[in-house]
1. Every residue in segment 60-102 that is aliphatic (A, V, I, L, M) and within 25 Å of THR32 (Cβ to Cβ), please.
2. Working only within segment 62-95, note down all residues that are open to solvent by 70 Å² or more (accessible area, probe 1.4 Å) and either farther than 19 Å from TYR30 by Cβ or among the acidic types (Asp, Glu) (or both).
3. Output the qualifying pairs, or none if there are none: Cβ atoms under 6 angstrom, residues six or more apart or on different chains, first residue in segment 65-78 and within 16 Å of ALA94 (Cα to Cα), second residue surrounded by 14 or more Cβ atoms within 10 Å (Cβ to Cβ).
4. Do you know which of the residues in segment 22-41 that are within 18 Å of ALA109 (Cβ to Cβ) and assigned to a helix (DSSP H, G or I) is nearest to the chain's Cα centre (by Cα)?
5. Within segment 96-107, is there a residue that is open to solvent by 80 Å² or more (accessible area, probe 1.4 Å) and among the hydroxyl-bearing types (Ser, Thr, Tyr)?
6. Can you tell me which residue in segment 54-100 is nearest to the chain's Cα centre (by Cα), limited to those that are at pLDDT 90 or above, of a type in the set (Ser, Thr, Tyr) and not in a helix (DSSP H, G or I)?
Amino acid sequence: MEQWQASLQANIACRDAIDSVIQDGFDGMYLTADAKGVLAEFGPERVTLVLASTLQARAGDQRFSRSNQAWAAAVPMVNTENRRFDYMLNTHSAVLDGYVNKVRKELAAMREQPEKKPSIKKQLAAKPVPGEHPAKPKEKGER
């Protein structure tokens, strides 16, 4: 029960963060809200859940694009509609549709991004571990 309550509170915090980012990033004409910060703070799964829950609850709203409606419909929901009401977004549907586009683009970029490997330059510049002997410098003409 405690885990469920903590998850619900995290969903509500995510909802509030998204609403706040959109409110701060929408001037009445242009949406400049950043999706990266919310995704970094709450993770892609939670952000997807909150956005998809809202779109599924507003399924009849024609201000959402068909692609966003289809995306949201494909996200499985574990909570009943009554439970999801607690973390539904309050943002206007047309503005929210634009933000969902931004989040989906960022999610796609995250999936395409290869896992970052440690930099070879940083590894070479690192101090040797105690007990290890650094490699002998090569003499001129040696390969």
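1. Answer for segment 60-102, where residues must be aliphatic (A, V, I, L, M) and within 25 Å of THR32 (Cβ to Cβ): ALA72, MET88, LEU89, ALA94, VAL95, LEU96, VAL100.
2. Answer for segment 62-95, where residues must be open to solvent by 70 Å² or more (accessible area, probe 1.4 Å) and either farther than 19 Å from TYR30 by Cβ or among the acidic types (Asp, Glu) (or both): GLN62, ARG66, ALA73, ALA74, PRO76, VAL78, THR80, GLU81, ASN82, ARG83, PHE85, ASN90.
3. As it stands, the answer is SER65/ASP97; ASN68/ASP97; ASN68/VAL100; ALA72/ALA52; ALA72/LEU55; ALA72/GLN56, since those pairs meet every condition given.
4. Per the stated criteria, the residue is LEU39.
5. no
6. Checked segment 54-100; the qualifying residue nearest to the chain's Cα centre (by Cα) is THR91.
Okay, residues lined up against (1) of a type in the set (A, V, I, L, M, F, W, C); (2) touching a helix residue (DSSP H, G or I) at 6+ places or on another chain (Cβ under 9 Å):
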position: GLN9; (1), (2): no, no
position: ALA17; (1), (2): yes, yes
position: PHE26; (1), (2): yes, yes
position: PRO44; (1), (2): no, yes
position: LEU49; (1), (2): yes, yes
position: SER53; (1), (2): no, yes
position: ASP61; (1), (2): no, yes
position: ALA73; (1), (2): yes, yes
position: MET77; (1), (2): yes, yes
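The values are calculated or read from the model by the stated rules, or taken from the named source; none is laboratory data. In this text, all values refer to a predicted model and were calculated from it rather than measured experimentally. Glycine also receives a Cβ, built like all others from the backbone with ideal geometry; neighbour counts cover every protein chain displayed. SASA here: full protein model, heavy atoms, side chains in, ligands and nucleic acids out. Shrake-Rupley method; radii C 1.70, N 1.55, O 1.52, S 1.80 Å.
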